[in-house]
Structure formats: structure tokens, C-alpha cells
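One structure is given below, encoded as C-alpha cells.
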Amino acid sequence: MNQNHLVAQIAIPRPLPSLLTYSLPDGQTLAPGIRTVVPLGKQQVVGMVIKTETWEEPTDNAFALKPITATLDQLPLPDTHLLELLQWATRYYHHPPGEVIFNALPVALRKPKPLSSRMQKLLLPAAQKPTAIAVPESVFPLTNEQEQCLLSIQQWNQHKKPYPVLLHGITGSGKTEIYLRLIAPLVTAGQQALVIVPEIGLTPQLLLRFRQFFGTLPLVCLHSGLSDGERLQAWLQARSGQARIIIGTRSAIFTPAPQLGLIVIDEEHDTSLKQQEGFRYHGRDLAIKRAQMLGIPIILGSATPALETLYNAQAGRFHYIRLNQRPGATLTPELQIQDTRPFELQAGLTPASLQAIRQTLARGEQAMVFLNRRGFAPALFCPACGWQASCKHCSVNMTWHARRNKLVCHHCGAEQATPAQCPTCHNPKLTTQGQGTERLELSLQSTFPEFQVVRIDRDTTSRKGELEDKLATVRGNEPLILVGTQMLAKGHDFPNLTLVVILDIDHSLLSTDYRALERLGQLLVQVAGRAGRAQKPGKVILQTSQPDNPLLHQLIGHGYTPFARQLLEDRKRWHFPPFGHQALIRASSTASMEKALQFLERVSQLLTGTDVSGVQRLGPIPAPVEKRANRYRAQLLLTSRQRARLHTALQHLLHAEGNIPGRSSVRWSVDVDPIDF
Ligand code: ADP
Ligand code: ZN
Ligand code: ZN
């Protein structure tokens, strides 16, 4: 091989710590972002060119480079900017580069196959349409508050390097309307806008409003219901600049968009923005990075901003603007705490809650009972000997589902027939404990036989069209009772819903997870936001056995912002995020908990023996759910006041991990900025 020979650094979809180097045929160069086929051991695999460079090694190097086998694309798929973002993400999340890059591509591009000729045509840049596209007509004039908000954001966005904007607007305050009007002038002028939403399936209304507002303007929607081919087509339409608006969930943040002019993250606090397995990135954080790299504006919208985001706004790193009113002079709902302790509950409800439901129905309005637990009962046990139905594969109880008469594990999905008698003492009278939405539905139906009870949770909406049907029933505005889980917390607009009763929040109030209260506050405000969306005042009842909890009073009495400030004060005291930084090392073993703990103990020792100062290690300890799907799980938390030190420690670990004894018998992973423990 000659000196000055060109080689390519190639990313392949395998958990390798670095890129691989292959030689290029003489005289050939390949642009970054082009896919190739390369040999790997005995296999031929897909690989993406990240860069080409001159081979500097001596010519008598015994180690000969293998040549690439074939080139798959004529033009790069991700552009240089997107590749830079992905490489940044590789370093930030300490995840193998090839996995990061291929995770960001549509599934159809992860195989060593060229594009079909139909798809290849989509690689060519879209012919610029004249700005002949009319700015969409708005259905109604903005309120004063919205107008001011829009003006401020537009002004901020004019900066050469605009700061992110936190749009903190109560539910129903018209945030979506602001997004539409920020996007309109931009896309009619030929730019593109990327809108990230938590779960499109749950909020079909948002997509509908975009389609109505923008009419014929090309819009693509990247959601989980698309086939691989449809997804690829949408992705390529965004890449060519043809699609002006791209709406999608978390992974849509990796969509190429050469004319990108604005990013919107709706419900920026939503935990579904964080990928919880494999490449554990946070969609919001990567979106902020992407906007920063491109020097374009980004809007983060929420009624209940994440503490990290509020803190960034407080610290002046983000612009901050509020929407405090609901258009059309609708009233914000009245919130009440109901102490459950003095009462015998019926269907889990206090007499006052039942009375409120009765009155709501009598007025011809709708009531919603919120309970964040599926199934009939979370525990089935034997009162004679104490036996409990637990999962064979996990360290958790199984939930009893009455209608299907099955025991189901909500952690691994395992199912089994309900035993007719206690497997230990043969007592035929097994009992249940606690309640889920299925039981709630049944008891409410027998209490209010003349009204319909509509249950919305994962069990009642798994078939195509079921959710839409149920939502349509509720929007029919007949008086009825709606029962459901957190699927109901997001984005729905039910004009005749005037009462919300929230059950079973004690668990979160008493949780030791420092994030539990933030989540609870967000959930309560979001669920409460479903009441009184139209012209009728709403009421929210919060049932709890902890009615004196000071933070709950803070939330109810003063609202989300003072509540969040208080939580931030607490976090500051303990150096929790955003005042300190965290990385969680998880390990699991099929053999025993001991094996997983031992491995993490070695990881911990490896970090002690180095000059990594300023990084604290907590653990290793068994994970909160110690066994899941037959794997024993343990974790080690690394924390530091300085992010850079945490990164140094992780680099050191990844460098040395090959030498850790017992490494091959465990699965392990790094989670930077974990949100789930
Ligand atoms: P958010 O996104 O903050 O929850 P939306 O944008 O969905 O709020 O608005 C809530 C409701 O108010 C929607 O039905 C929307 O059509 C309506 N709305 C928004 N802005 C206005 C306005 N200026 N005048 C009348 N109705 C409005
Ligand atoms: Zn028994
Ligand atoms: Zn299980």
C-alpha cells in the first residue's frame, strides 16, 4: 500500500468503541454520509463513511487494511451537520459511534442494500417552489396575551445565535397556536420546521390542526404506525427539502432537513423524550444542541416545564415567556384536596368525590377518574397462608386482569392463568388487594348504571382505531364517566369534561426517588388541565391520605412554578441535577445478583485507582426492580458537580472495560443524565 493512500473511517452498526478504517480503491474518494458494504470478519456488513483521510502509516505495516466491498449510495444520506451532531452525541452519551449513527437512520437504511430507484429520485434536492405559497389564514385572532408572546419570540429569534425559548403556558392557553404562527412565515419562505411531540398516537388532534392550518403545504409525520418504506419515504422527503414541516416523536430529531429554520419541542418535560434502552439519548437535549449548532431558534413548550429547563431559564440561558390565560375566557379549574382517611371508600372514591360525579352527570357533563394503574388489582393473594401471585421472571407481583381472567406481569409481559385455588395451601378463596382501572370501571358502572363508562388505557386501546373510537365517544359530549391512566394526561381536549378526580397519588408523595415529586406535580397539572376546556368551569379533586403534605399544598395553592422552585431548592441542597450531574452504570446477569454487583464493584474500583477526582460513586446496589425478565439487575451511580469530570471518568471506564474480569458474563450500559432508576 502506498503512502498517501486514501482510507475511509467507517461506522458500522455494532457495539464497537470506535470507527473502523478501510482502504479505498486508488483515486476514489467518498463523501461522509455515504453507505458502503464492508467486510467484518467473515461477514459483509453495512457501513457509513464518516470521513476519508490519507493513510499515514509506514508502507511496510504488517497490518494490511481491508478494502471496502461496494458503495451503496451516490449521494450522502445524512448531511455533514447531522453527522456532526451524531458524533457529538456519541461523545456525550459514551455510546458506540456505529450504533448511534445507525440508530438515527430509518430501519430501511440499516441493511447493506442500495435504495430502490424510486427512493433514489427522492435524494435529489427539491426544486425550490416560488414563495407563491400563501401564508395560511388563521381561524381566529390571537388574544392579546398570545399576540405579545408571538411578538417577543419572533424578536428573540431574530438574533444571529438565538437562545432557546421556554414557552411556559398553562394547558389550553394556546401554545399550539403560537407554534403554528411561528412556523407559517418560515415555511412559506422555503424553510423547514421540525416539531417534536411525545406520542402522536395519543394526540391525533395536534396533527389534525397542523394539517388544517397548513393545507396543501408538504408535511410529513414520522410516527410508529408507519411501515419501514413509508418512514424512509418521509425521511427522504425531509432530506430533499420537499417536506416543509416534519412532525415526529423523539427519534425525528435525527431527520435531515437542509433548510431547517426552527425546532419546536412540545411537552418538553415529557419523559418519553428520553430513550430508555440502547442509545439512551434525550430528544430535547439533542434538539437544543442541534439548534445551537445551526444557529436556529428552538421553542420548548410546556404547561409544566422540567426542572432542568426552568433552571436554565432562571439562569438566563433560555428566554422565558408565559401564557397564563385560556382563550375564550374559560376559567382555570378549582382544585381541592380530599382526605381519604376518615372515609370508607366506594370504588376507591370518597363520598364527596362520588357526590361530585353524580352532580356532574346530572348537569349533563362529563367526569373523569384518573388512576395510573391498569388491570383489576395489582395483587392476588391467599388470606390463609399469605401466598402472593408473583412473576416467575421478575421480582414483582403479577396484576390480575379480571375480564381475561389472567395474571399479567407489567414488567416483562408474562401471562398465566389465574389459579383456582392457592398453590400452597389449596385454599379456594383467593383475594385481591388494591385496584386498577379495570376494577374502577366495573364499580363505577354498577354505581352509575344509567351512564356510559369509557375506559382508556393500554388494555382497551391496543387494537387499531380503538383509541380514536373512544375519544370520539367522549367528544360526542354526552354525559359519561371517563376512566383512565396517564394516556389521558396528554393533550386531549374534551369540551364537556368538567370534573376530574385523581386517585392514588400517595405512592409518589412517599417515594424516595427524588424525581417522583416533579413527575407527580407535572401529572397533576396536566390531568387537571383536561377539565373545563370549553366555556364551563372545571373542578379537580385530589384524593390522598397525605393531605398535609406541604409540597402538595404549595402546588394546589400557588401553582406549578413556586412548587418547582421549591423542588429546585431541595435539589440544590443535595447537589442533584441540574446542580450536579449523573451517570448511571447498569449491569445485569442471568446467573445471580452477586455477579451483577461484583462487576459493578470492579467498575467502581477501576475508577478509584485513577486520578478521577470529584466524582462520587454511590453503590453498587440492586436496582429498584431487582429481577426483570430473568435478569438480576444492579446499578452504580456516578455523580459530580462538574460535568467534565464525569465525562473523564466514563472515558477512562470505557477505555479499560475490556480488562474487567467477569465482563463477558454480564450485560452492562452507561446512562448519561438518567431519569429512571
Ligand atoms: P395548548 O397547546 O396550550 O394546550 P391550544 O393551542 O391547544 O393550547 O389551545 C387550546 C384551545 O383553545 C384549542 O381548542 C384552540 O383552538 C383554542 N384557541 C387557541 N387560541 C385561540 C384564540 N386566540 N381564540 C380562540 N380560541 C383559541
Ligand atoms: Zn394459601
Ligand atoms: Zn415479569
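Nothing in this text is a laboratory measurement; each read-out follows from the coordinates by a stated rule. Predicted model, so just to flag it, every value in this text is computed and none were measured. Cβ: placed from backbone, ideal geometry, glycine included. Neighbour counts: every protein chain shown.
Straight-distance candidates among the aspartates and glutamates for linking to LYS595, with alpha-carbon spacing under 18 Å and chain neighbours fewer than 8 residues away dropped: GLU626, GLU657. Highest mean packing first, where packing is the average number of other Cβ atoms within 10 Å per residue, the peptides 415-427, 365-377, 142-154, 93-105 line up as 365-377, 93-105, 142-154, 415-427. Its DSSP H runs of at least 4 residues, each contributing -39,500 (n - 2.57), put the calculated 222 nm mean residue ellipticity of the chain at -9000 deg cm²/dmol, to the nearest 500. Note: relative contact order over the range 581-672, using C-alpha pairs below 8 Å and six or more positions apart, is 46 percent. Between GLN535 and THR80, residue separation times 0.36 nm minus the direct Cα-Cα distance comes to 158.8 nm. Taking 17 Å as the straight-line reach from the Cα of LYS160, the lysines in range (excluding those fewer than 8 positions away in the same chain) are LYS289. Based on the Kirkwood approach, the hydrodynamic radius assigned to the range 493-621 is 18.1 Å, with every pair of different Cα atoms included. Across the range 383-409, the residues whose backbone nitrogen lies under 17 Å from the label position 7 Å along the beta-carbon direction of ASP513 are 395-397.
Put in line by how crowded their Cβ is, counting other Cβ atoms within 10 Å and starting with the fewest, VAL540, VAL453 read VAL453, VAL540.
List the residues of the range 217-242 whose backbone N lies under 16 Å from a point placed 7 Å from the Cα of MET293 along the Cα-to-Cβ direction. The answer is 239, whose backbone nitrogens lie closer than 16 Å to the label point. Determine the shape class of the range 581-672: with a ≥ b ≥ c the square roots of the Cα gyration tensor eigenvalues, call it rounded for a/c under 1.5, and otherwise prolate if a/b is greater than b/c, oblate otherwise. Prolate, because a/c is 1.5 or more and a/b exceeds b/c. Within the chain, DSSP assigns beta bridges of which about 50% are antiparallel (rounded to the nearest 5).
Protection proxy ranking for 576-582, 280-286, using the average of other Cβ atoms within 10 Å per residue and placing the highest first: 280-286, 576-582. Computed about its Cα centre, the charge dipole of the chain is approximately 600 debye, with only Lys, Arg, Asp and Glu carrying charge at their Cβ. Dipole magnitude for the range 144-323: about 480 debye, using +1 per Lys or Arg Cβ and -1 per Asp or Glu Cβ, origin at the Cα centre. Within the chain, the cysteines lacking any other cysteine Cβ closer than 4.7 Å to their own Cβ are CYS149, CYS221, CYS412. Sequence-distant contacts, meaning Cα pairs under 8 Å at least 6 residues apart, place the relative contact order of the range 144-323 at 36 percent. Its Cα gyration tensor gives the chain an equivalent ellipsoid. The semi-axes, each the square root of 5 times an eigenvalue, are 44, 34, 24 Å from largest down. As a proxy for reagent exposure, ILE196, ILE170 were ordered by neighbouring Cβ count within 10 angstrom, fewest first; the result is ILE170, ILE196. Comparing Cα centroids, the range 155-223 and the range 589-667 end up 41 angstrom apart. Contact order for the chain, expressed relative to its length and based on alpha carbon pairs under 8 Å spaced 6+ residues apart, stands at 11 percent. First check a/c for the range 144-323, with a ≥ b ≥ c the square roots of the eigenvalues of its C-alpha gyration tensor; if it is under 1.5, answer rounded, and if not, answer prolate when a/b is larger than b/c or oblate otherwise. Note, shape of the range 144-323 comes out rounded. The distance linking the range 481-544 with the range 395-446 is 26 Å (Cα centroid to Cα centroid, whole angstrom). Of the listed pairs LYS42/LYS66; LYS42/LYS111; LYS51/LYS274; LYS490/LYS572; LYS274/LYS464; LYS113/LYS274, which have alpha-carbon separations greater than 20 Å here? Pairs exceeding 20 Å: LYS51/LYS274; LYS490/LYS572; LYS274/LYS464; LYS113/LYS274.
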